[in-house]
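Notes follow once the structure below has been shown.
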Amino acid sequence: MKKLAILASGSGSNAEKIMEHFQNSTKAKVALVASNKADAFVLERAKKFGVPAFTFTRKEMDAGLLLQKLQEEKIDWVILAGFLLKIPEDLIRAFPDHMVNIHPALLPKYGGKGMYGSLVHEAVKAAGDTETGITIHLVNEHYDEGKIIFQAAASVTPEDTPDTIAEKVHALEHRYFPEVIESLL
């Protein structure tokens, strides 16, 4: 049985879909939800599923506390689901090809530092793009530049707003992220 850790900084709707997907799985279980924000709603979602939660600061992560916790829990895969901090290189090296992220755009477009959440959807709208989507990729030392594992697209109409674009992207995230994680195992 593979042990998954989810890192999230906010609400955790993707984390919830992943916990739901694996709650009765024989392949894997979510063994830990970790957040850099003590008030992140993802921690409440973890409680709902009986998944242990762990909080840390950026300074603690950089000092190796998160890596230590992941190793203590014997985590096999690290899943970034709305985690906004840059991952330290020692943490990436500890999980080679076993750390995956989801990005709310079709990379390489709209990726990199500062491109997350509503900022991505606003950029898609401002550019007049006719499609957007999600990218699931391995994590490396550069924001949003790891090997792409999966992409799914949604059309964008002239009537769409950043909010309606976000709804389309969330639907793709919730549908595909748990399945793609399972396929990686």
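Quick notes
- Taking the criterion of being among the β-branched types (Val, Ile, Thr) and within 17 Å of the chain's Cα centre (by Cα), the residues of the stretch 90-133 that qualify are 92, 100, 102, 120.
- Among the residues of this structure, residue 41 counts as one that is among the aromatic types (Phe, Trp, Tyr), closer than 21 Å to residue 116 by Cβ and over 12 Å from the mean Cα position of the chain (by Cα).
Residue by residue, here is whether (1) touching a strand residue (DSSP E or B) at 6+ places or on another chain (Cβ under 8 Å); (2) not assigned by TED's automatic domain parsing to the domain that holds residue 154 holds:
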| residue | (1), (2) |
| --- | --- |
| 31 | yes, yes |
| 90 | no, yes |
| 114 | no, no |
| 123 | no, no |
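Per-residue answers, yes or no, for (1) within 14 Å of residue 82 (Cα to Cα); (2) in contact with a Gly (Cβ under 6 Å, 6 or more places away or on another chain); (3) aliphatic (A, V, I, L, M):
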{"site": "97", "(1), (2), (3)": "no, no, no"}
{"site": "106", "(1), (2), (3)": "no, yes, yes"}
{"site": "144", "(1), (2), (3)": "yes, yes, no"}
{"site": "162", "(1), (2), (3)": "no, no, no"}
{"site": "168", "(1), (2), (3)": "no, no, no"}
{"site": "183", "(1), (2), (3)": "no, no, no"}
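- Here 82, 111 are screened, and the one residue that is touching a helix residue (DSSP H, G or I) at 6+ places or on another chain (Cβ under 9 Å) and within 24 Å of residue 43 (Cβ to Cβ) is 82.
- Helices (runs of 4 or more DSSP H) fully within the stretch 7-72 that include at least 3 residues being more than 22 Å from residue 166 (Cβ to Cβ): 42-48, 58-62, 65-72.
- Pairs, first on the phi > 0 side of the Ramachandran plot and assigned by TED's automatic domain parsing to the domain that holds residue 43 in the stretch 58-87, second among the acidic types (Asp, Glu) and surrounded by fewer than 20 Cβ atoms within 10 Å (Cβ to Cβ), C-beta under 9 Å, six or more apart: 64/90
- Condition check for residue 25: surrounded by fewer than 17 Cβ atoms within 10 Å (Cβ to Cβ), touching a residue at least 60 places away in the same chain (Cβ under 8 Å) and among the hydroxyl-bearing types (Ser, Thr, Tyr): yes
- Selection within the stretch 152-185 - in contact with a His (Cβ under 9 Å, 6 or more places away or on another chain) and under 23 Å from residue 99 (Cα atoms): 169, 177, 178, 179, 181, 182, 184
- First in the stretch 167-185 and modelled with pLDDT of 95 or more, second anywhere and among the basic types (Lys, Arg) and not in a helix (DSSP H, G or I), Cβ under 8 Å, 6 or more apart: 182/27
The values are calculated or read from the model by the stated rules, or taken from the named source; none is laboratory data. Bear in mind that the values here come from a model prediction, so they are computed numbers and not experimental data. As a convention, Cβ positions derive from the backbone with ideal geometry for all residues, glycine included, and neighbour counts pool all protein chains shown.
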